[in-house]
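Laboratory data are not the source of any read-out in this text; all were calculated from the coordinates shown. All figures in this text were calculated on a predicted structure; none of them were measured in a lab. Methodologically, a virtual Cβ is constructed for each residue, glycine included, from the backbone with ideal geometry; neighbour enumeration extends over all protein chains shown.
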Amino acid sequence: MIKNNGFLPALPPPSTSVGVIGWLRQNLFPSPLNTVLTILAIYLIYLVTVPTVSWVFLNADWVGESRNACTSGGACWVFVAARFDLFMYGFYPESEYWRINLAFAILALLLVLLNIRQVPRRGWLAAFTLIGYPVVAFYLFSGGLFGLDEVETSRWGGLSLTLVLSGVGIVASLPIGIVLALGRNSQMPIVKAVSIVFIEFWRGVPLITVLFMSSVMLPLFLPEGTSFDKLLRAMIGIVLFESAYMAEVVRGGLAAIPRGQYEAAKALGLNYWKSMVLIILPQALKLVIPGIVNTFIALFKDTTLVLIIGLFDLLTTIEAGFKDSNWLGYAVEGYVFAALIYWIFCFSMSRYSQNLERKLHTGHAR
Amino acid sequence: MAVEQQPSSAPAKAALWRRPVFRSTVFQVLLVLVIVYVGNSLLSNTLHNLHQRGISTGFDFLSNAAGFGIVQSLIDYQETDTFARTFLVGLVNTLLVSFLGILFATVIGFIMDVARLSKNWLIAKLAMVYIETFRNIPLLLQILFWYFIVLNKLPLPRQSMNLADVFFINKRGLYLPSPIFESGFWVVGVAILVAIVAVIFIARWARARQERTGEQFHTVYASLAVLFSLPVLAYFAAGSPVGWEIPELKGFNFKGGFVVIPELAALLLALSVYTAAFIAEAVRSGILAVSHGQTEAAYALGLRPGPTLRLVIIPQALRVIIPQLTSQYLNLTKNSSLATAVGYPDLVSVFAGTTLNQTGQAIEVIAMTMAVYLTISLTISLLMNWYNKKKQLVER
C-alpha cells in the first residue's frame, strides 16, 4: 500500500554550492572578472609575503651580542635585542628600571580591574586611576621621595616616555575638555565665545607648530628667571592641543543626550552644576568613551612629533640606536620594530573601542 | 474705610546672588577680568623678556634679505630675496603638497574602499589589511621610512631607472619631461573652454529632455567624448604647439625637465597612503550608514544595482561622507607640516624653521605660520557648516 505523506524529501543542494567548493565559488570566483582579480591578488600576496617572511624570519639573525652576529643577510634582530632597554626606558638608570616596570604594572592591574564587571566600587577605582594614579606614577618616575633616587626628566625616554606623554595628554585634557564643552554649550555669551575661540584655535593649527610654540615661545611668556623643563613644555603644548579635540568629543556626547534629560533635571529643581554632574555628564561621558579612546590613539601616534623638538620618545631612541656607529645600517630593522610596537598599541586600542561602541550602543540614539 | 490688602500674587523675589541673570553676569565679568589679567601679564613678561634679549618686535625683519637657498620653489626665488619671499615660497610649497596629497589620497582611498566592499573575499581582506596597517602606524614614522629606506634604495643617477627614455627615477628624484608651450597653444586652451561649456549645455539639455519625455541620454559618455576629442583635435589643427623638454644625463646628474625631489615624493607617498586609509574608512562608514531597506526598496522599484548605487545610496551616503572627507583633507593639510622632518621646504620647515632661526623673531614667525593654517581650517569649516545646513535632513 502506498501512503502519500505529501512531499518527497528535499534533495541535498548540489556539491558546488555548499562546503568549501561552494564558498570558493561564491567568494573568490563568482565571475570571470573576479577570477582574474583573485589570481592577481594571490600573485601579489606571493610577491610580498615570500621575501618578507624570509627576511623577517627565515634568514634573520636572532641571537648574538654585536653586529658580527648578523651574517645571514636577513633582518638583524640582534640590533633590537641589544638595544631593547634603550628603546623601552631611554637613558633611565638601569638600576631603577623596576620603578617604571612597577608604575606600568600598577596601571595594567587598574585597567584590568576596571574592565571586570564584578569588581565592587568601580567608580572609585576609575577616579583613583584618573587622579591618584598619575601622582603615584609621577613619584615613581621622578623619585626624590621615600629614599628613591631622583631621575631628571631629560633621562626619561623610549616607549615609557611615549606612554607618559600620551597618558598625561589624555588624563589632563579630559577635565579641560569637559569644561570647554560645557562652556561651548553655555547660555552665557562671553563664556561661549571664549570656549569657541579656544577650541577652534587649537584645532586649526598643526601639532608641530604648537610644539614649536611651546618650546620657543613659552619661555618668553613667563616672568624672567622661571625656567621650564623641556618635557613639561612639550606636555603643556600637547595638553592645550588635545583639550580642544577632547572638548569636541565631549560635546558630541552632550548633543546625544535627549532634551528630556535636561528638562527633567530642571524640573527636579537641580541647579546647573548638579544637573550636569549628576544627570547629564555621567550619560554623556559613557557615550563618548569610544571617542576618547580614538582621541587617545591619535595622540599616541602624534607623540612621535616630539622627535622634532628633540625629546627621546620611542621613535627618537630607535633613530639614535641605528645612528650609533656600532649599529649603522640597521635602520630598516629599527623602523620595522617601531612600526610594530605602534601598530600593536593602536590596533588593539581601536579594536577595544569598536567593542565598547557595540556594547554601549544601548539606546538614546534618536 | 478698610485699607485694602494688596494680594501678594508675585512670588517672593530670590536674593540677589541667587538670581541666574546676576550670577551669569558676575561670572562673565570675572572671566573677562581673568583673561585680561593673564593676557596683560603675558604681554608685559614677553615685552620685558624681548627687551632683555635685545630682540626688536614688529614685522620689519620681513623686508631683510634672507640669504639662504631653498631646494624647491614654484615661484622665482634667489638668496638675495627677502624673508617675506621665503614665507611665500613656503606657503606655495605647502599648498602644492596638500593639493597633490589630497588628489592622490582620494584616488587611493576610493579604490581601497571599492575593494573593501567588494564581494571578492580575498580583495576585501587585502584592502582591510592595507587600511588597518597604514592607519595604525604614525605618519612621521611612515614619512621617515619612505624617505630614508625606500627612496634611499633607488639607484644613483648614472644607473637611473629608465622608462622609455623620457622618465628617469634615481636617488635625486623623479625626472619628468616638462612641456614647453609654443605660440599656437591658445587654440588648445580655447578648445578646452569650449568643451567645458558644451558639456554644461549637454547636461542641461539631457536633463530637460528626460523630464519632458522620460528618455535617458548617456551624458557621461558624451561629455567624456567631447572633453577628450575637442582639445585633441585643436592640438593637431594648431600643428602640435607643445614641445617637450626631456631630462638628460649631464655629468653626475640630470639636467632639464621637471624634477620631483625625493623629499616631496616621500612626503606625498606617506601623506596619501596614510590619509587614503582614513578616507576609505570614511566612505565605507557613509555607505554602510544608509539602511539596507533603501537598497531593497530600490530593487523593488526595479532599479538595477548600478543606478541603485548612483541614484539612491550615494546621494544619502554623501551626507555622512562629505564632512568626514573634509576633515581628512584638513588633517592632510595640517600633517603636511611634518615635511620639516625630511627637509621638504614647506611653510613650517622654511619659515618656522630656517627663517625663525636666522631672525630670532619667534613670536611673529610662529604667529604668521599659525595664522595661515588657521585661515585654511576656518574657511573650510565655515564652508562645511554651510554645506551641512543645506543638506541636513528635515525632520519633524
- Just the Cα atoms of segment B:138-195, one point each, no solvent: what log10 I(q)/I(0) does Debye give at q = 0.13, 0.25 Å⁻¹? -0.59, -0.98
- Whole-number Å³ per residue for the convex hull built on Cα positions in segment A:253-323: 105 Å³
- Message: On alpha carbon coordinates alone, what is the Rg over Rh value for segment B:160-281, Rh being the Kirkwood radius?
- Response: 1.16
- Within segment A:261-291, find all residues whose amide N lies under 17 Å from a label point positioned 7 Å from the Cα of B:Ala14 along Cα-to-beta-carbon. A:263-277
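Compute the semi-axes of the equivalent ellipsoid of segment B:235-369, taking the square root of 5 times each eigenvalue of the Cα gyration tensor, and list them largest first in whole Å.
On the way: eigenvalues 375, 156, 34 Å².
One finds semi-axes of 43, 28, 13 Å for segment B:235-369.
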- Task: May I ask for the Kirkwood hydrodynamic radius of segment B:55-94, worked out over all distinct Cα pairs and given in angstroms to one decimal?
- Result: 10.5 Å
- Message: As an exercise, take the mean of 1/r over every pair of distinct alpha carbons in segment A:1-87, invert it, and state the Kirkwood radius in angstroms.
- Response: 18.3 Å
- Report, in debye and to the nearest 20, how large the dipole of chain A comes out about its Cα centre when Lys and Arg carry +1 and Asp and Glu carry -1 on their Cβ. 1980 debye
- Message: Bins of 20 Å, beginning at zero and ending with the bin holding the largest distance: percent of Cα pairs per bin for chain A, please.
- Response: 21, 44, 27, 7, 1, 0
- Using the reciprocal of the averaged 1/r over all distinct C-alpha pairs, how large is the Kirkwood radius of segment A:207-291 in Å? 15.5 Å
- All alpha-carbon distances of the protein assembly as shown, grouped into 20 Å bins from 0, give the whole-percent distribution 11, 40, 35, 11, 2, 0, 0
- At what distance in angstrom do the alpha carbon centres of segment B:170-237 and segment A:169-191 lie from each other? 51 Å
- Mind computing the radius of gyration and Dmax over the alpha-carbon atoms of segment A:93-150? Å is fine for both. 13.2, 39
- Message: Suppose the Debye formula is applied to equal point scatterers at every Cα of chain B; what is log10 I(q)/I(0) at q = 0.08, 0.09, 0.12 Å⁻¹?
- Response: -0.70, -0.85, -1.28
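Rounded to whole Å and sorted largest first, what semi-axes of the equivalent ellipsoid does the C-alpha gyration tensor of segment B:1-133 yield via the square root of 5 times each eigenvalue? Working shown, then result.
Details: eigenvalues 693, 329, 37 Å².
Those come to 59, 41, 14 Å.
Based on the alpha-carbon set only, what is the convex hull volume of segment A:77-174 divided per residue, in Å³?
On the way: hull volume 12.0 nm³, N = 98.
Taking only Cα atoms, segment A:77-174 has a hull volume of 122 Å³ per residue.
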- Note on the structure: Across A:Gly123, A:Gly291, A:Gly177, the residue with the highest GNM fluctuation in chain A (Cα network, 10 Å cutoff) is A:Gly123
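Are any of the pairs A:Lys323/B:Lys153; A:Lys301/B:Lys334; B:Lys171/B:Lys250; A:Lys286/A:Lys359; B:Lys171/B:Lys255; B:Lys125/B:Lys334 more than 21 Å apart by Cα-Cα distance, and if so, which? Display every interim value, and only then the final one.
Values: A:Lys323/B:Lys153 17 Å; A:Lys301/B:Lys334 15 Å; B:Lys171/B:Lys250 15 Å; A:Lys286/A:Lys359 11 Å; B:Lys171/B:Lys255 14 Å; B:Lys125/B:Lys334 30 Å.
Pairs exceeding the cut-off: B:Lys125/B:Lys334.
Hey, any idea what the orientation-averaged projected area of the convex hull of segment B:74-187's Cα atoms comes to, in nm²? Intermediate results must be reported in sequence, preceding the final value.
Numbers: hull surface 51.2 nm².
If I average the Cα hull's projected area over directions, I get 12.8 nm².
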- Lys, Arg +1 and Asp, Glu -1 on Cβ, resulting dipole of the protein assembly as shown about Cα centre, debye, nearest 20: 3100 debye
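In whole Å, what three semi-axes, largest first, describe the equivalent ellipsoid of segment A:297-366 built from its Cα gyration tensor (square root of 5 times each eigenvalue)? Don't skip to the answer; put the middle values down first.
Details: eigenvalues 263, 36, 7 Å².
Value: 36, 13, 6 Å, ordered largest first.
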- Message: Quick query: amide H of B:Glu245 versus all other amide H atoms, modeled in the peptide plane; which residues come in under 5 Å with a sequence gap of 5 or more or a different chain?
- Response: B:Ser178, B:Ile180
- Task: Taking H placed 1.01 Å from N in the peptide plane, check which residues at least 5 places from B:Asn253 or on another chain put their amide H under 5 Å from its amide H.
- Result: none
- Message: Using the Kirkwood radius over C-alpha pairs as Rh, can you work out the diffusion coefficient of segment B:224-263 via Stokes-Einstein at 4 °C, viscosity 1.567 mPa s, in µm² per second?
- Response: 99 µm²/s
- Counting other chain Cβ atoms within 10 Å of each Cβ in A:319-331 and taking the mean gives 1
- Query: Using a Gaussian network for chain A with springs between C-alpha atoms less than 10 Å apart, which of these wobbles most: A:Ile308, A:Ile199, A:Ile318?
  - Reply: A:Ile308
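Using alpha-carbon pairs under 8 Å, 6+ residues apart, how would you state the relative contact order of chain A in percent? Provide the component values of the computation, followed by the final result.
Working: 364 pairs, mean separation 60.6, N = 366.
Value for chain A: 17 percent.
Work out, in µm²/s and without decimals, the Stokes-Einstein translational diffusion coefficient of segment B:183-238 at 25 °C, 0.890 mPa s, Rh from Kirkwood over C-alpha pairs.
Working: Rh = 12.1 Å.
Calculated translational D: 204 µm²/s.
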- ³J(HN,Hα), Karplus 6.51/-1.76/1.60, whole Hz, each residue of segment B:263-278, x for Gly, Pro: 4, 5, 4, 4, 4, 5, 4, 5, 4, 6, 5, 5, 5, 4, 4, 6
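Given an 8 Å cut-off on Cα distances and at least 6 residues of separation, report the relative contact order of chain B as a percent.
Values: 423 pairs, mean separation 85.1, N = 396.
Averaging sequence separation for qualifying contacts and normalising by length gives 21 percent for chain B.
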- Query: When chain B is modelled as a GNM with alpha-carbon springs shorter than 10 Å, which of B:Thr359, B:Thr94, B:Thr46 fluctuates the most?
  - Reply: B:Thr46
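Please return the longest range in chain A lying between exposed loop sites, taking GluC sites (Glu not before Pro), DSSP loop only, at most 14 other beta-carbon atoms within 10 Å, and leaving the sites out. Mind dumping the intermediate values first?
Values: sites that count: A:Glu65, A:Glu150, A:Glu152, A:Glu224.
By the stated rule (loop sites, at most 14 other Cβ atoms within 10 Å), A:225-366.
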